[in-house]
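The numbers here are math on the coordinates, done by the rules we state, and not lab data. A quick note: this is a predicted structure, and the numbers were derived from the prediction, not measured. Here the Cβ positions follow ideal geometry from the backbone for every residue, glycine too, while neighbour counts run over all protein chains shown.
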There are 4 protein chains.
Amino acid sequence: MKHTEQRKKLRAIMAGSKCVSPASVYDALSARVAEAVGYEVGLLAGSVVASTTIAAPDIMVHTATEYADQIRRIMRVSKLSLFVDADNGYGNALNAMRTVEEFEHAGVSGLAVEDTTGPIAYGQPDTSLKLVSIEEGVGKLRAALAARSDPSLVVCARTPAFKLEGMESLLARAKAYAATGVDGIHITGGIKTLEQLKAVHDVFKKPIIMGSTHGGFSAAQLAGVGVRILLQGHQEVAGVVKTLREIYTHLYNGGSTEDLKPRIAPPAEMDQLLNVAGYERCLKEYMR
Amino acid sequence: MKHTEQRKKLRAIMAGSKCVSPASVYDALSARVAEAVGYEVGLLAGSVVASTTIAAPDIMVHTATEYADQIRRIMRVSKLSLFVDADNGYGNALNAMRTVEEFEHAGVSGLAVEDTTGPIAYGQPDTSLKLVSIEEGVGKLRAALAARSDPSLVVCARTPAFKLEGMESLLARAKAYAATGVDGIHITGGIKTLEQLKAVHDVFKKPIIMGSTHGGFSAAQLAGVGVRILLQGHQEVAGVVKTLREIYTHLYNGGSTEDLKPRIAPPAEMDQLLNVAGYERCLKEYMR
Amino acid sequence: MKHTEQRKKLRAIMAGSKCVSPASVYDALSARVAEAVGYEVGLLAGSVVASTTIAAPDIMVHTATEYADQIRRIMRVSKLSLFVDADNGYGNALNAMRTVEEFEHAGVSGLAVEDTTGPIAYGQPDTSLKLVSIEEGVGKLRAALAARSDPSLVVCARTPAFKLEGMESLLARAKAYAATGVDGIHITGGIKTLEQLKAVHDVFKKPIIMGSTHGGFSAAQLAGVGVRILLQGHQEVAGVVKTLREIYTHLYNGGSTEDLKPRIAPPAEMDQLLNVAGYERCLKEYMR
Amino acid sequence: MKHTEQRKKLRAIMAGSKCVSPASVYDALSARVAEAVGYEVGLLAGSVVASTTIAAPDIMVHTATEYADQIRRIMRVSKLSLFVDADNGYGNALNAMRTVEEFEHAGVSGLAVEDTTGPIAYGQPDTSLKLVSIEEGVGKLRAALAARSDPSLVVCARTPAFKLEGMESLLARAKAYAATGVDGIHITGGIKTLEQLKAVHDVFKKPIIMGSTHGGFSAAQLAGVGVRILLQGHQEVAGVVKTLREIYTHLYNGGSTEDLKPRIAPPAEMDQLLNVAGYERCLKEYMR
C-alpha cells in the first residue's frame, strides 16, 4: 500500500509541470536525513550501491539482488519515493525481468533500464559502455514492463545514445522506446542545448530524466522542454567521505572528541531521525 | 585465513602495552576511509547498526542476523580488525552461541557479550539496562566461548555493573568472568578514576576495554592500568548526518553542485578508496 | 498489489463458512508443488524455518529477519496466501512491531503473535512455554496491529492458555484479545471437545485457527464451531527427510541413478513447477 | 578454520586414487541428512539453487550473491565439504573474481568456472551454451585463482568443449587451463569412452570431475583415468518433489496425517538431524 502511494507520488511529479531533483541517498539513515530536509524523492544509484556496500567502482561487479537488498533496507523505513537505475537490467531481457521483480518487491518507486552491453566485454580496450541494437533495447523494455506487477511502478528507458552516436540515434531510440509504453526516458551524457532536449521530447512525448552534468539550465528551463527529474550527481557520498576522513584523521592523531562537537549533528537531531519519540510513544502505549 | 590474521592482530594489540582507539565504522566505504587514514582496528557498534541500517535507536529492535549481515558487508572488503558489541547475545545463552557463530562466520575479529537483560521488559518504567545474575552472565560467556570455532576470535565480557551496582559488584563479576576464559572485559559507564580501573585489572588480570565518556585520561595513563582499547563514541555517524543535512539542504534550496566542491572528497580520493587502480590492473591482466 | 490480493483471499477464507487446511511449505519449490496440487493457502511455521534453514530445533535460535528472508523467497514466486506464526513476536511489543513490518514487507498474508515468554529463561528446568500476563499479551497484539501498514494483512492472536492454565484462562484471554481488533485466534494444544471450541468462539466471536493434534473432528464439525483454519503439522518436512535419506543411502551405497526413476518427479513435472514454458515464451517474445 | 579443513578434505579426495560422488544438497537440512548417511562431500549446483530458492530453470536468472547466500546457509551448519559450480563466474573475469570471493566467504570448499557465454544472448535461437575463446577462458581462470584468499580453496575449470567442438578443442583447452594452475577440470557432456577421458588426463595431468550422464563406467574405471569426482545429477530434488506432491495430494484430498506415518522420518531421526541432544546439553551446561 505504502509503496504504491510512493510510486503514485513519483508518477504525479512526472505528470506535473516542474523539474524536480531527488536526493542521492545510500542507506536508511541518509534517506531519513533527506526526508527531514524536505525531499520527497530519493535516488539510489547503482554506482552508489557499489561504492557504499562493496567499496567498488561502477563496473557491474555488484549484483541485482544486493542492489535490491539495499533498496529494501531504505524502503522499510523511508517515506521518500525512490528512483533507481537498474543499469542494463543485469543481463538479458529475462534478467531485466527478474531485476524489475526484485526491485519492485523491495519497494522501489521507479527504475530505468539502459540499452547498453555490460559488464565490460573480454578484449574491450576500455571501460566505456556500448549500445545494444534498438531491437534488443525495445525487447528489454517490453520485458521490464511485463515484469511489473504494481502498475504504479514507474519504468523508464535509459540511453547514452546521444553521447555515443548522436542525435539521430537518440531520436530513433526515443521513438521506439516510447512505443513500448515506458513512463519516461533517462538521457545520459552529451546534451548541450535546450533545443536538443526539445527535439527528444517532441518525439518521445513523455517525461525526460536528465543527469546533472548537462549544461547550466535552470529547473524551469528544463521543465519547459519536458524534463521532470534532474539528477545532480552524488556529492553527498563524496561529502560523507571527506567528513569521515577529517573526523577519523582528527581522532587518529589524538584529537579530542570534544573538539568535534561543532562538526556533528546534535543529539536532538539524531533522536528525531531515529524516531526516538515514536518508539517512546509505543513503549508507553503498548508496554507500560 | 584473512579473518584469522585480522583476529590475531587484534589479539596482539590486546596483548601489547598500548591503549588503542578504533574507528567507528558503519559500512564498507567508511571502513575503507578509516583504513586509508591509518586505522588498524574498526568498531561496529550495535547502536550504529540500528541507526544506519534500520534508522532506529539502540533498543534491540535490530536482529543478530542483520547485525551479522552488516559485519559481512564490511569484512568482505576491509583489512581492519573489527570489534563489535553483541549486546547481551540477543537472548539467552543459546542465542549468544548463535550470535557468536554468525558474527564469526561474517568475519568479525572480536566481540563482547553483556550481562544484561534485554530487550526492554513489559512494565519497565524506563529504557535502562538491568543486570542478570552473575551465574547467568557466566553461563552466557561460557556458551559464547564454546561457540567460537576459530580460537583466534576475541571474545570479551561486557558489563555496566559499576554504574548500576558499584565497585563491589563489578569486581565480583570481573573475577567470575575472568574465570570463564574470556579475552577481555568491556566496562561501560561510571568509572571516574584510574584507581578504579586498576582495581578491576588487579582482579581481572586481562585487557580492559573502555568507553570514551569515562574521565579525561590519556591513552598512556589508561594503558598503565590495563586498558588496551578505548572506544570514543560515534561522532563519525553524527558528523556524517550533519554533512548530509547541509549538502541536502544546499541542493534542496537550489544551490549549485559546483559550490559543493570544497566540501567533497576529490575524484582521486574516491578512486583510491574504491580500488579503481586494482580493478584496472585486473582488467589488463585478465581481460585484454 | 499481488500480496494484497493474497491477503484478501486469506481474509475471504476466514470470513467464510469452511474450515481449510494449508500446505506446510518451506521454500520456493515446495510452495510451487503445493500450488500445483491445488492449495490456495500455505503455512510457513517457525519450527520449519528453524529446521530447514539453520537445521535447529524450534527453540527461537533463528531470528525474525531470517524468518522474513524465507517468507520473501517464497512470496516472490508463489501465488499461495501464506500464513506464518511469528512466535511471541521475537521479544517485546517493539520487536513484535518490527516483526510485523518485516513479515509484511516480505509479502506474508497472515501471522499470529503468541502470548508467551521466550526464548527459554535462565534457570528454567525445561523448554516449555510460559504465558505472559493478559495485559502484556494485549499490549503486544495492539502493537502488532498498529505496525500493520496494509489493512488486508491478517493479524491473529495465538495462545497455549488452555493447555497451560485451562478453559477459564483461555476464555479471559480470548475476550481480551478479541477487543484489540485481531482477526482471529490460534489455539495451540489441549482442546479435546467441540464444546470447548464453541465456548471460545462464543466469547471470541471471530475465526479460530487450530492445530492438527486436537481430536479427530472433521473439517465440517470444526467449521461449525468457528474454526476456519486447521493446521496439520509438518509431515511434508519429515517426508522429505525420509526420501532424502533413502535416495542418499541408495546412491551412497553404489546404487544406480537409473533405479531411482520411479521415485522421482518426471522432467515434465519439474519443468512445469519451474515455469519453463513461461520463460520460453519470454525468450520468444522479448529476445528473438 | 573449519572451512579450511573442509577444503583440505576435498583436496585430499582429489589428490587420492578413488572416484567419489557427492550428495546433491540444497539447504541446511538436506546437508544434514547427507552427513547422517555418511557423505563427506556435498554438491550445490547452480540449477538446484535456481529451482529451490527462486523456482526458476537453470538459465542464469539467479545471481551470484543469492547463490552465495544459499552456500552460507548450508556451510554454517554442515560438516560436508561443499563443491559448487559457479557457471561462467556470472559475467566477465571481474565478476568471476567477485563470485570466488563471495563463495569463499560463504564457506564453499571448491568451485568450477566454465568457459561459456551467458546468460542467453539476444537473438540466440535456442538456450544452448556457447564457448568463449581459450584466451578468455584462461583469463577468467587466472582471475578466479587470483581472487582466492584461502589457498586451500579448490578452484577448477569447467568446459563443454567436447560436446560443442570435439576432442581437439577439449584437449587444447585442458592444456591451456592446466597451465593456469587450476586444481581440476570438470568436463560436461559428450564423453563416451574411457580412452577419451584418459586422453584428457594425459594432457591435463590433474583431477577430472565428471557428470553422471556419461557412460556406464564404474567408479574404479573412472578413477583409473583420473576422475576423482563423479556427479550423479539431482535425483534428490526430483525425489523431494515427488514426495511433496504425494503428501500434499493426500492431505489436500482429506487424507489423514496418521496414514502418512510410514512415509515420514520418525521424531528421533528429526531430533538427531536438528541436534536436539546438543542443544539440550548446552541448556544444561550454560543455563541451569
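Below is a table of values for the structure above.
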| quantity | calculated |
| --- | --- |
| Highest-MSF residue in chain B out of B:S24, B:S128, B:S78 [GNM, Cα springs under 10 Å] | B:S128 |
| Label spacing, shortest first and in nm, from B:A219 to its equivalents in the remaining copies (7 angstrom along Cα→Cβ) | 4.6, 5.8, 7.0 |
| Beta bridges per DSSP with both ends in chain A, % antiparallel, nearest 5 | 5 |
| Nearby lysines by direct alpha-carbon distance to D:K242 (threshold 25 angstrom, same-chain neighbours under 8 apart not counted) | C:K79, C:K242, C:K261, D:K261 |
| Nearest-first distances (nm) between copies at B:G166, label 7 Å from Cα via Cβ | 4.7, 8.8, 9.3 |
| Whether the protein assembly as shown is rounded, prolate or oblate, judged on the alpha carbon gyration tensor where a/c under 1.5 counts as rounded | rounded |
| Residue and distance (whole Å) for the chain D Cβ nearest the axis that superposes D on A | D:T63, 2 |
| Nearest-0.05 FRET efficiency for A:A268 and C:E258, computed from C-beta distance (R0 60 Å) | 0.25 |
| Antiparallel %, DSSP beta bridges [both residues in the protein assembly as shown], to 5 | 5 |
| Length-normalised contact order of the range C:43-164 in % [C-alpha pairs under 8 Å, at least 6 apart] | 25 |
| Karplus-derived HN-Hα couplings along the range B:58-67 (A = 6.51, B = -1.76, C = 1.60, θ = phi - 60°), whole Hz, x at Gly and Pro | 8, 10, 6, 9, 7, 9, 4, 6, 6, 4 |
| Averaged over C:249-261, number of beta-carbon atoms from partner chains that fall within 10 Å | 4 |
| Gaussian network model of chain A, Cα within-10 Å springs - most flexible of A:R32, A:R263, A:R228 | A:R263 |
| Label 7 Å beyond Cα on the Cβ vector: A:R288 copy-to-copy distances, nm | 3.9, 6.4, 6.7 |
| In order through the range D:153-168: 3J(HN,Hα) via Karplus (6.51 cos²θ - 1.76 cosθ + 1.60), integer Hz, x for Gly, Pro | 4, 7, 10, 10, 8, 9, 8, x, 4, 4, 5, 8, 10, x, 5, 4 |
| Principal-axis tilt of helix B:2-15 within chain B, Cα atoms, nearest 10 degrees | 50 |
| From phi via Karplus (6.51, -1.76, 1.60), per-residue ³J(HN,Hα) for the range C:266-272 in Hz, x at Gly/Pro | x, x, 5, 5, 4, 4, 5 |
| Peptide-level mean, for D:7-19, of C-beta atoms on other protein chains within 10 Å | 0 |
| Long-range HN-HN contacts of A:V154 with modeled amide H, under 5 Å | A:G110, A:L111 |
| Residue mean of other protein chain beta carbons inside 10 Å, A:275-281 | 3 |
| Taking chain A and dividing mean pair separation by its residue count, relative contact order in percent (alpha carbons under 8 Å, at least six apart) | 18 |
| DSSP-assigned coil residues among trypsin sites (Lys or Arg not before Pro) in the range C:114-207, each with at most 15 further Cβ atoms within 10 Å | C:K130, C:K192, C:K205 |
| Principal-axis tilt of helix B:276-287 within chain B, Cα atoms, nearest 10 degrees | 70 |
| 30 Å Cα-Cα reach of D:K175 towards lysines, excluding residues that sit fewer than 8 places from it in its own chain | B:K284, D:K8, D:K9, D:K18, D:K130, D:K140, D:K163, D:K192, D:K198, D:K205, D:K206 |
| Euclidean distance between Cα centres, the range D:88-106 to the range A:127-195, Å | 30 |
| Estimated dipole of the range C:170-229 in Debye, rounded to 20 [Cβ of Lys and Arg +1, of Asp and Glu -1, Cα centre] | 80 |
| Inter-centroid distance (Cα atoms) of the range D:9-61 relative to the range D:247-288, Å | 23 |
| Most mobile listed residue (C:L80, C:L273, C:L251) in chain C, GNM with C-alpha springs under 10 Å | C:L251 |
| Nonlocal amide H pairs with B:C19, under 5 Å, H built at 1.01 Å | B:A223 |
| Ratio of the Cα radius of gyration of the range B:1-156 to 2.2 N^0.38 Å, where N counts its residues | 1.02 |
| DSSP beta bridge pairing in the range A:111-209, given as percent antiparallel to the nearest 5 | 10 |
| Selection from B:L164, B:I187, B:V203 lying farthest towards where the dipole of the range B:155-236 points positive, charges on Cβ | B:V203 |
| Distant-in-sequence amide H partners of C:G189 (H built 1.01 Å from N, under 5 Å) | C:G211 |
| Chain B: angle of helix B:134-147 to the longest principal axis, Cα-based, in degrees nearest 10 | 50 |
